[in-house]
Amino acid sequence: MDGYGRKSERIAGEVRAAILAGRHRPGERIESENELAARYQVSRQTVRKALAALIEQGYLRAEHGRGTFVAERSRPGSRNIAVVTTYLADYIFPRVIQGIDQELAEHGYSILLKSTRNARHLEARYLEELADKAIDGLIIEPSKSQIFCRHAALYERFDARGIPYVFIQGCFESMRDRPYVLLDDAGGGYLITKHLLSLGHRRIAGIFKADDTQGVERHRGYVRALQEAGVLYDPDRVLWYHTEDRTVAPAAGAAVLSRRGGMDAVVCYNDEIAVSVIRALEAEGLRVPEDVSVTGYDNSLLAENFKMGLTTVSHPHEELGRAAARLLLALIAGERVETHVILQPELIARGSTAARK
């Protein structure tokens with residue numbers, strides 16, 4: 001969407017928020033097109049588009065020769081927020097959703113949950129359904145966010161209806177101007193790789209997910225740490241996998257690398273992958289961390305409870321959910337806030353890594 005469309009959305013959003021908050025009462029005349037154009041420093045055409053959208057949505061009515069008025073029965077908010085994540089019931093997702101739910105509940109909102117299982121067709125289906133439902137906003141973790149989004153038109157339907165949305169965990173490259181709450185994944189990949197380098201490891205393998213932005217960013221941090229340490233990047237030590245291959249390919253690839261003697265440490269995309277890699281290495285007769293140091297990412301319950309404790313990168317699960325909910329509530333209220341939020345990770349060293357002998 002062009003800048004013209006963005007400006008009209010902003011005006012529509014602020015006028016709508018004022019109506020819902022009671023600052024404009026039913027039957028009240030709002031500012032004229034000229035007054036709004038001067039206040040927002042935009043053209044009358046931009047203002048006219050914003051007002052037309054609000055009239056279509058039932059918030060305003062126009063009277064020829066008199067002006068634009070708040071509709072007598074302007075649509076109240078539904079107090080419902082849709083939350084779409086790739087998964088619901090396992091790994092870090094329950095704690096992310098808990099953070100969202102706690103923040104929204106404190107402000108009188110309920111959530112409608114959907115899970116895409118990281119499938120693009122399910123994301124498109126749910127967006128199609130939600131675009132016509134009575135919701136006040138949407139928090140969404142995009143499926144396979146590293147792949148070009150072919151259903152951007154569905155997001156534009158939310159824009160047209162004036163329903164704000166916030167991306168979490170990842171964001172399509174073509175939609176980086178939209179609101180999001182992300183973890184600094186490049187920084188996390190850098191931290192974990194630098195930790196292994198500090199322990200004397202130099203043959204550090206990497207296992208990364210290719211179809212989401214988190215995997216690409218974590219790989220970026222891995223490369224940066226190697227370059228700073230003067231360690232040559234070896235593509236033969238890097239394994240990329242896709243969502244559909246996650247239960248087999250990473251562990252199998254690590255086993256192959258170990259047979260070739262190609263690594264003394266491995267950076268894994270997340271804690272789940274790290275645990276499967278450790279089991280594969282042990283099946284090859286190797287000891288962790290005595291022979292190979294292994295790291296994860298996300299500081300999930302798996303990392304905390306695994307037998308030797310998993311060295312990992314913290315993921316502020318609940319805080320990320322709360323931050324996304326706070327941002328969405330601000331957008332619903334028409335507040336001017338920073339719409340790009342980046343949370344900082346921290347290294348958590350446990351028993352799966354040790355100094356190289």
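Brief remarks on what is shown
- Helices (runs of 4 or more DSSP H) lying entirely in segment 1-57 (those with 3 or more residues that are charged (D, E, K, R) and at pLDDT below 90): 3-20
- Restricted to segment 162-195, and to residues there that are in a helix (DSSP H, G or I) and among the hydroxyl-bearing types (Ser, Thr, Tyr), the residue that is nearest to Ile342 (Cα to Cα) is Tyr190.
- All positions within segment 254-292 that are under 18 Å from Asp234 (Cα atoms) and either in contact with a Gly (Cβ under 6 Å, 6 or more places away or on another chain) or in contact (Cβ under 8 Å) with a residue 60 or more places away in the chain (or both): Met263, Asp264, Ala265, Val266, Val267, Cys268, Tyr269
- Residues in segment 329-338 include none that are surrounded by 18 or more Cβ atoms within 10 Å (Cβ to Cβ), within 17 Å of Gln214 (Cα to Cα) and of a type in the set (A, V, I, L, M, F, W, C).
- Residue count for segment 196-232, restricted to those that are touching a Phe, Trp or Tyr at 6+ places or on another chain (Cβ under 9 Å) and part of a helix (DSSP H, G or I): 15.
- Put simply, of Leu88, Leu60 the only residue that is without any contact (Cβ under 8 Å) to a residue 60 or more places away in the chain, within 25 Å of Tyr155 (Cα to Cα) and outside the structural domain of Leu331 (by TED's automatic domain parsing) is Leu60.
- Of the strands (runs of 3 or more DSSP E) contained entirely in segment 252-355, those carrying at least 2 residues that are under 21 Å from the mean Cα position of the chain (by Cα) fall at 340-343.
- In segment 231-276, the qualifying residues are those that are among the charged types (D, E, K, R) and closer than 22 Å to Lys144 by Cβ, and the one that is surrounded by the fewest Cβ atoms within 10 Å (Cβ to Cβ) is Glu244.
- For Lys114, the requirement of being buried (at least 17 other Cβ atoms within 10 Å of the Cβ), closer than 17 Å to Tyr165 by Cβ and of a type in the set (D, E, K, R) is met.
- Residue match in segment 233-250 (condition: under 21 Å from Asn118 (Cβ atoms), in a loop (DSSP other than H, G, I, E, B) and in contact with a strand residue (DSSP E or B) (Cβ under 8 Å, 6 or more places away or on another chain)): yes
- When residues of segment 126-145 are limited to those that are more than 19 Å from the chain's Cα centre (by Cα) and not acidic (Asp, Glu), the one modelled with the highest pLDDT: Ile135
- Filtered residue count, segment 11-30, keeping only those that are of a type outside the set (D, E, K, R) and crowded, with 20+ Cβ neighbours inside 10 Å: 7
- Residue, nearest to Phe172 (Cα to Cα), within segment 100-157, restricted to residues that are of a type in the set (A, V, I, L, M) and in a loop (DSSP other than H, G, I, E, B): Ile147
- Long-range neighbours under 9 Å by Cβ, at least six apart or interchain, first residue at positive phi within segment 177-202, second of a type in the set (A, V, I, L, M) and modelled with pLDDT of 95 or more: Gly200/Ala355
- Beta carbons closer than 8 Å, at least 6 apart along the sequence or on distinct chains, pair a first residue in segment 308-332 that is of a type in the set (Asp, Glu) with a second that is surrounded by fewer than 24 Cβ atoms within 10 Å (Cβ to Cβ) for Glu318/Arg95; Glu318/Gln98; Glu318/Gly99; Glu318/Gln102; Glu319/Gly99; Glu319/Leu343.
The values are calculated or read from the model by the stated rules, or taken from the named source; none is laboratory data. These numbers were taken from a predicted model, which means no experiment stands behind them. For neighbour counting, all protein chains shown are included, and Cβ atoms are generated from backbone atoms with ideal geometry for every residue, glycine included.
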